[in-house]
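The values are calculated or read from the model by the stated rules, or taken from the named source; none is laboratory data. Note that the coordinates shown come from a computational prediction; the quantities given were computed from them, not determined experimentally. When we count neighbours, we look across all protein chains shown, and the Cβ atoms used for this are built from the backbone with ideal geometry, even at glycine. In case anyone asks, the SASA skips ligands and DNA or RNA and just uses the protein heavy atoms, side chains included. Shrake-Rupley method; radii C 1.70, N 1.55, O 1.52, S 1.80 Å.
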Amino acid sequence: MKLILLGPPGAGKGTIANEINKKINIPVISTGDILRNSIKNNTKLGKEAQEYVTSGKLVPDDLIMSIVEERIKDNDCQNGFMFDGFPRTIQQAIELDSLMRRLNTKIDQVFYFEASDSVIVERLSDRRVCAKCGAIYNLNYNSPKIENVCDKCGGQLFQRDDDKQETILNRIKVFNKETLPLVEYYEEKNNLTKINADLDLKIRFEDVWNRLIKLGLVGK
Ligand code: AP5
């Protein structure tokens, strides 16, 4: 099964991807996570991406495509994967289509998480992420049992550099300009499902899961 999770920053793409992953063990490919790890490890890619990521701009398409192409060749991707935060421009979507054709496969479904700006700003300002395992928390909705410590692995929680109010607003602007046109792109291909991302996590996950069952992509 090959899925795309599309939506503005803070819509909950990463959270839902992790929930799906708990049920069926297919990898989540988050271009954002790959970029942040490269920045942390000071790799060549990290150095090239740093200024874009910290200011909330998009990293150039050619860099993103080379990351994706390399990642989906890994063994763990052979039975499927979920893209979280990719593609983000029409150019990336067109290049992904041709990559899928070359590999003789296709994207099964695109989930578009619609969220209002006020919800996004609130969620992202209160988001904390585990430095060790990447688990996502929210100080309002799902706070850790011990302050700043991950429930799952005991790692230290941190706030992402791009989760500052000013950068969040810029990320929303960039999303509306560069990424929103992808909704129409995938609607025309007839493989897009819209999910109301303002709702409670449990309801949203049920929506996604029921859709996957209907499409025959997972068992009941
Ligand atoms: P990326 O890491 O992809 O960030 P993003 O798309 O902005 O998305 P987020 O990770 O912020 O949000 P999310 O939707 O996953 O929300 P989450 O589940 O964490 O990209 C970062 C940067 O990398 C970009 O700005 C760009 O520079 C670069 N980049 C990445 N990919 C690129 C590409 N393809 N092309 C070019 N550049 C690229 O949830 C958010 C919070 O809300 C959490 O605290 C969570 O606990 C909470 N929450 C979630 N759902 C609910 C709910 N239903 N109710 C209450 N709280 C909830």
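Summary of computed values
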item	result
Karplus (6.51, -1.76, 1.60) ³J(HN,Hα), θ = phi - 60°, over the range 110-125, in Hz, Gly and Pro reported as x	10, 9, 10, 8, 8, 9, 7, 4, 5, 5, 4, 4, 5, 5, 6, 5
Subset of 23/164; 23/202; 40/132 violating a 21 Å alpha-carbon distance limit	23/164
Note, ³J(HN,Hα) from phi for the range 58-66, Karplus 6.51, -1.76, 1.60, rounded to Hz, x at Gly and Pro	7, 6, x, 4, 5, 5, 4, 5, 5
Mean ellipticity per residue at 222 nm, deg cm²/dmol - from DSSP H runs of n ≥ 4 across the chain, formula -39500 (n - 2.57)	-13500 deg cm²/dmol
Debye intensity ratio in log₁₀ form over the Cα atoms of the range 12-81, taken at each q of 0.19, 0.21, 0.25 Å⁻¹	-0.84, -0.97, -1.14
The chain, dipole about Cα centre (Lys/Arg Cβ +1, Asp/Glu Cβ -1), debye to the nearest 20	540 debye
Inverse mean reciprocal Cα-Cα distance (Kirkwood Rh) of the range 1-123, Å	15.2 Å
Per residue accessible area of the chain, 1.4 Å probe, in Å²	53 Å²
Positive-end residue, the range 74-113 charge dipole about Cα centroid, Cβ charges, pick of 93, 81, 111	93
The range 1-43 - percent of accessible surface contributed by carbon and sulfur, probe 1.4 Å	43 percent
Sequence-separation-based contact order of the chain, relative, with Cα cut under 8 Å and 6+ spacing, percent	29 percent
Rg over Rh [alpha-carbon atoms, Kirkwood Rh] for the range 77-220	0.99
Residue-count net charge about residue 103 - beta-carbon cut-off 12 Å; Lys, Arg +1, Asp, Glu -1	+3
Charge dipole (debye, nearest 20) of the range 1-118; +1 at Cβ of Lys and Arg, -1 at Cβ of Asp and Glu	220 debye
Local electrostatic count at residue 32 - Lys and Arg +1, Asp and Glu -1, tallied over other residues with Cβ under 10 Å	+1
Relative contact order %, the range 1-95, counting alpha carbon pairs below 8 Å whose residues are six or more apart	45 percent
Rounded percent of accessible protein surface that carbon and sulfur make up, the range 122-216, 1.4 Å probe	47 percent
Point-charge dipole on Cβ atoms (K/R +1, D/E -1) for the range 16-72, about Cα centre, debye to 20	280 debye
Aspartates and glutamates whose Cα lies under 19 Å from that of residue 22, excluding same-chain neighbours fewer than 8 positions away	33, 76, 84, 151, 200, 206, 207
Summed residue charge, Cβ within 12 Å of residue 122's Cβ, Lys/Arg positive, Asp/Glu negative	-2
